[in-house]
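Note sheet for the following structure.
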Amino acid sequence: MDLKTRIRRRQRNGADAPVVLDYDAISPDVHVEEPTGRGPVLERLLDYFNPVFDQRLPPNAYVWGPPGAGKSAVLTSLCSHLDRLVSHGGSAIHTTTRAQSGTAPAFVYVDARRANNELGLYHAVIDGLLEESVPKQGVGSDDLRDRLVAHLEKPTCDAVITVDHVEEADTVSLELLDECFDPVSESLSWVAVGRDDPDSFDDAVRPPERIEIPAYERHTLVDVLTARASDGLARQVIEHEQVRRLADWAQGDAHDALAGLFGAADVASEAGHDRIRERDLETGMDAVPRPSVSLGRVLTLPANRQLVLRKLVDLDEESAKSVGAATEAIAASPDVDLSAATVKRFLYELAEAGITERVTSEHAAGAGRPPSRLEPRFPTLVFRRLYDLRAD
């Protein structure tokens, strides 16, 4: 936190100071520039990237770990720093297969939740490598691949591409990464980031280098929460014992821990409290399903799906008692320009994707198959607030 931010926090910490000063600072969907408590992991990753400083490209790699282990936070920060300090620092580099020397490689981070197919992958990589804009319409995968090959054939243009959220639902696979980047394998290395154990993949697609990022230790997660709360909340809003409770409850998952903190702070703020009370903390944690779908995945859904989810989380018990009732209530909303049939299709698609879960109603009357209702599998309080903040 810079000095200006610290001074502004002091100015706002009067008797009527808000509980939340910066929602981004406590959001599980926002990564800080300097990840807390991940020194050993960063050192191991820097060991992997070490060939860059010795004028060689590293081998392809797979970085893996459980949900909420900080994989995205660590890799986004590391790629940003390497690109700024190494790529733009003018270091010389050449590959082991090409004799000519040139500048250090570019480092590009790609979110496979957004670039979730061959076309999107090529587009994201080229967009990260070239200063000029890349058309989003009217070009195909072959055109973009040719453009990437032409760029990387230049003697001074090498690249290390990090592709996050590989092998998740509706993203890219290791096999697709290997196929897409094979034509430029002499001048490009890629790092895939995922959750699955590398032993679950075939030898043909498993990268030679594998790096595990374990779940957070309890004390480290306490440090993460304390740092984020210090940046995003007013002073003395949350007690250290409450932070420890959150860390114990989250069991090493920083995403869920931050979601619980965010939800508790938002509840306290809406209630006009000057601090997070025990009931606020319980409400914040109760709004995070376990296991939980990542908010990053929810917030990359198409806008119309997010709108349907936003309406779903606000339905009362009667309107949410079945898929049919939810469909009628959402389609009837004045700001929803979707037919009932489309809303129902979206609801079923979201359930099929695991964003929501179909649960059989407990009090079904009459004969026949009992109706099912939909339960969100993501942190509802956080999604509601972030959606509304982005809509403002």
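The values are calculated or read from the model by the stated rules, or taken from the named source; none is laboratory data. As the structure is a prediction and not an experimental result, all values here were calculated from the model. Ideal geometry is used to build each Cβ from the backbone, glycine not excepted, and the neighbour counts take in all protein chains shown. The protein model used for the area step is the full one, side chains on, heavy atoms only, and it has no ligands, DNA or RNA in it. Shrake-Rupley method; radii C 1.70, N 1.55, O 1.52, S 1.80 Å.
Some points to look at:
- Gained length - GLU349 relative to ARG235, 0.36 nm times residue gap less alpha-carbon distance: 36.8 nm
- Take 306-318, 374-386, 329-341 and order them by the average number of nearby Cβ atoms within 10 Å per residue, most first; the result is 374-386, 306-318, 329-341.
- Centre separation in Å (Cα based) which lies between region 300-326 and region 258-279: 24
- Two-site label geometry, GLU217 and ASP182: point separation in nm, points 7 Å out along Cα→Cβ: 4.3
- Sites GLU132 and GLU278 - FRET efficiency at Förster radius 51 Å, r taken between beta-carbons, to 0.05: 0.40
- Summing charges over all other residues whose Cβ lies under 13 Å from the Cβ of VAL224, with Lys and Arg as +1 and Asp and Glu as -1, gives -2.
- Note on TRP249 and ASP337: the extension gain reaches 27.7 nm, defined as 0.36 nm multiplied by sequence separation minus the Cα-Cα distance.
- Angle in degrees between helix 303-312 and the longest Cα principal axis of the chain, rounded to the nearest 10: 30
- Note on ASN117 and SER141: the model spin-label points, each 7 Å out from Cα along the C-beta direction, lie 0.9 nm apart.
- Rounded to the nearest 10 square angstrom, TRP64 shows an accessible area of 40 square angstrom against a 1.4 Å probe.
- Under 5 Å between amide hydrogens, built in the peptide plane, is the criterion, and for VAL63 it picks out ALA192, VAL193, GLY194, ILE211 among residues at least 5 positions away or on other chains.
- Taking the longest Cα principal axis of the chain as reference, the axis of helix 3-12 is set at about 10 degrees.
- For GLU175, the accessible area of its heavy atoms, probed at 1.4 Å with every protein chain present, is near 100 square angstrom.
- From most to least packed by mean Cβ count within 10 Å, the peptides 139-147, 292-300 give 292-300, 139-147.
- Relative contact order of region 136-273: 18 percent, from C-alpha pairs under 8 Å at least 6 residues apart in sequence.
- Sorting GLU217, GLU168 by solvent-accessible area of protein heavy atoms yields GLU217, GLU168, largest first, with a 1.4 Å probe.
- Projected label distance in nm at ALA271 and ARG195, using a 7 Å step from Cα toward the beta-carbon: 3.1
- Taking the chain as a Gaussian network of alpha-carbon nodes connected by springs under 10 Å, the highest mean-square fluctuation of the residues VAL134, VAL32, VAL20 belongs to VAL134.
- Euclidean distance of C-alpha centroids, region 40-84 and region 118-141, integer Å: 24
- Per residue accessible area of the chain, 1.4 Å probe, in Å²: 49
- Vicinal HN-Hα couplings computed from phi for region 134-139 (Karplus, 6.51 cos²θ - 1.76 cosθ + 1.60; Hz; Gly/Pro x): 9, x, 8, 10, x, 10
- Placing +1 on each Lys and Arg Cβ and -1 on each Asp and Glu Cβ, with no other charges, gives the chain a dipole about its Cα centre of roughly 980 debye.
- Taking the 1.4 Å solvent-accessible surface of region 189-280 as the whole, the part contributed by carbon and sulfur is 39%.
- Length released on extending from ARG210 to PHE53, taking residue separation times 0.36 nm less the Cα-Cα span: 54.5 nm
- 5 angstrom amide H check on ALA106, placed H, neighbours 5+ away: ASP158, ALA159, VAL160
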